[in-house]
Amino acid sequence: MNAHVSFSFPFVRPLASAALVLGLVACAGPRPDAAATANLQPTRGNTASGTVRFVQNGDQMRVTGEVTGLKPGAEHGFHIHEKGDCSSGDGMSTGGHFNPVASAHGQHGQGAHHVGDLPSLKADAQGVAKIDFTSPSLTLKPGATSILDKGLIVHRDPDDYKTQPTGNSGPRVACGVIRTS
């Protein structure tokens with residue numbers, strides 16, 4: 001005797017869908033604590049532009065992005081500045097390096113340095129610099145050291161990591177403001 005029994009449970013399908021969605025969210029990894037983006041535009045007479053992303057997870061900030069239009073094969077100073085204002089055309093309206101704890105200028109991740117001191121950019125043969133580093137000294141969390149609404153500057157020359165307070169990086173070739181994304 002062949003018996004076919006069928007049960008209909010209308011709540012099973014929504015539960016299965018919810019489980020699938022939760023499983024996909026869990027596979028995507030942890031959500032960042034905060035994220036921000038700076039869209040770099042060329043300063044007057046320059047061609048450098050790009051996008052830089054800041055993603056905070058706990059006490060670590062991952063910084064990624066790309067800058068194009070740089071001098072091929074050259075190194076360029078890269079800093080967060082105190083004001084989120086690129087209105088001057090030359091990037092000078094961003095003020096000096098972001099330095100809320102009054103540290104000496106130096107190399108990011110090596111001894112004393114401004115919060116705004118970032119690793120220099122190295123352009124390839126096409127004038128493109130890729131950015132990908134993690135930092136414990138940057139934060140998007142509210143407070144005096146938050147980099148939100150600060151200026152992001154690419155300089156024409158390399159940072160010497162010694163000259164106070166700027167690193168002697170030369171004129172500002174691109175400017176952006178770090179905004180919540």
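Work out the length of the dipole vector of the range 34-180 about its Cα centre, built from +1 on the beta-carbon of each Lys and Arg and -1 on the beta-carbon of each Asp and Glu, and round it to the nearest 20 debye.
Dipole of the range 34-180, to the nearest 20 debye: 200 debye.
Can you tell me the Rg and Dmax of the range 34-180, counting just the alpha carbons, in angstroms?
Here Rg and the maximum Cα pair distance are 13.6, 40 Å.
Neighbour counts of other C-beta atoms within 10 Å: give me VAL173, VAL128, VAL115 arranged from fewest to most.
With the fewest neighbours first, VAL173, VAL128, VAL115 line up as VAL128, VAL115, VAL173.
How would the range 102-181 be classified by its alpha-carbon gyration tensor: rounded, prolate or oblate, with rounded meaning a/c under 1.5 and the a/b versus b/c comparison settling the rest?
In terms of gyration-tensor shape, oblate.
Every number in this text was worked out from the coordinates using simple rules, so none of it is lab data. Here the structure is a predicted model, which means the values were calculated and not measured. FYI the Cβ positions are ideal-geometry reconstructions off the backbone, even for glycines, and counts take in every protein chain you see.
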